[in-house]
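Beneath this line is the structure, given in C-alpha cells, with notes to follow.
Coordinate-derived values only; no laboratory data. Quick caveat, the model's predicted, so the values are computed rather than measured. Neighbour counts run over all protein chains shown; Cβ positions are idealised from the backbone, glycine included.
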Amino acid sequence: MTTRSEREKAQKLNEQHQAILSALLREDDNKFCADCHAKGPRWASWNLGVFMCIRCAGIHRNLGVHISRVKSVNLDQWTSEQIQSMVDMGNSRAKQLYEAHLPESFRRPQTDQPVEVFIRDKYERKKYFDKEALTTAPI
Ligand SMILES: [Zn+2]
C-alpha cells in the first residue's frame, strides 16, 4: 500500500528530475539530437547518456537494451541513477567518446536508412569509439 506521503515524495522527486532534465536540455550540445543533429531532442538513452530526436530514439530501441535504453524526457518516470547518468555524460562528452574517430569530412546522414546505419556503426560496432578520448581531451 502506498501512503499519501509516499506518493507526495515520489511526485516531488519526479518534479526534481524533470527540472534537471530541462536544465540539461538547455545546454548548447543537448539542444540537438546526438546522432542526426535534429533540433530539440525530447528522448534520451540513459545508459549511453545522450539526448536524441524521436526518429533516432526508434532506431536506438531496435538496437536492443544491451546497447541502448531509451526513455522519453517528459513522458517517462526517471530514477535517480538514470538522471545521474545523463548529468555525467550528455551529448558533448558522448560525442568525444563515440565520435572520436569520426572523419572531419563525414557528412551526417539525414534520411532514415542511412541514419540507422550510422547509429549502428556508432554504438553497436563502435566504429568511431575511443575510450581514452575523455581522459586525454583538454577540458
Ligand atoms: Zn536524431
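Determine Rg/Rh for the chain; Rg is computed over alpha-carbon atoms and Rh is the Kirkwood hydrodynamic estimate from the same atoms.
Expressed as Rg/Rh, it is 1.02.
Could you work out the relative contact order of the chain? I mean the mean sequence separation of Cα pairs under 8 Å and 6+ apart, divided by the number of residues, in percent.
22 percent
5 Å is the cut-off here: which amide hydrogens, built 1.01 Å from N in the peptide plane, fall below it relative to M52, excluding neighbours closer than 5 in sequence?
A34, R42, W43, A44, S45
Working from Cα positions, state the angle (0 to 90°, nearest 10) between the long axis of helix 54-63 and the longest principal axis of the chain.
80 degrees
Which GluC sites (Glu not before Pro) in the stretch 1-62 pass both tests, a DSSP loop state and at most 13 other beta-carbon atoms within 10 Å?
Here the GluC sites (Glu not before Pro) that fit, given the DSSP loop and packing criteria, are E27.
Pick from A44, A19, A94 the residue whose mean-square fluctuation is largest in a GNM of the chain, springs joining Cα atoms under 10 Å.
Highest fluctuation of the listed residues: A19.
Each residue of the stretch 70-75 in order: what ³J(HN,Hα) in whole Hz does its phi give by Karplus 6.51 cos²θ - 1.76 cosθ + 1.60, θ = phi - 60°, with x for Gly and Pro?
8, 9, 7, 4, 9, 8
Helix 4-25 versus the longest principal axis of the chain: what angle, 0 to 90°, nearest 10, using Cα atoms?
For 4-25 against the chain, the angle is about 30 degrees.
Ordered by packing density, taken as the mean number of other Cβ atoms within 10 Å over each peptide's residues, highest first, how do 105-112, 85-92 rank?
Packing proxy ranking, top to bottom: 85-92, 105-112.
In the stretch 28-58, which residues have a backbone nitrogen under 18 Å from the label point lying 7 Å from R120's Cα in the Cα-to-Cβ direction?
Answer for the stretch 28-58: 35-36, 55-58.
Please list, or write none, the lysines whose alpha carbon is within less than 18 Å of the alpha carbon of K95, excluding same-chain residues fewer than 8 places away.
Counting by Cα, and skipping residues close in sequence, K95 has these lysines nearby: K31, K39, K122, K126, K127, K131.
Quick one: 3J(HN,Hα) in Hz for the stretch 35-48, Karplus 6.51/-1.76/1.60 with θ = phi - 60°, rounded, Gly and Pro as x.
So the Karplus estimates, Gly and Pro as x, are 9, 10, 6, 4, 7, x, x, 10, 10, 8, 10, 6, 6, 7 Hz.
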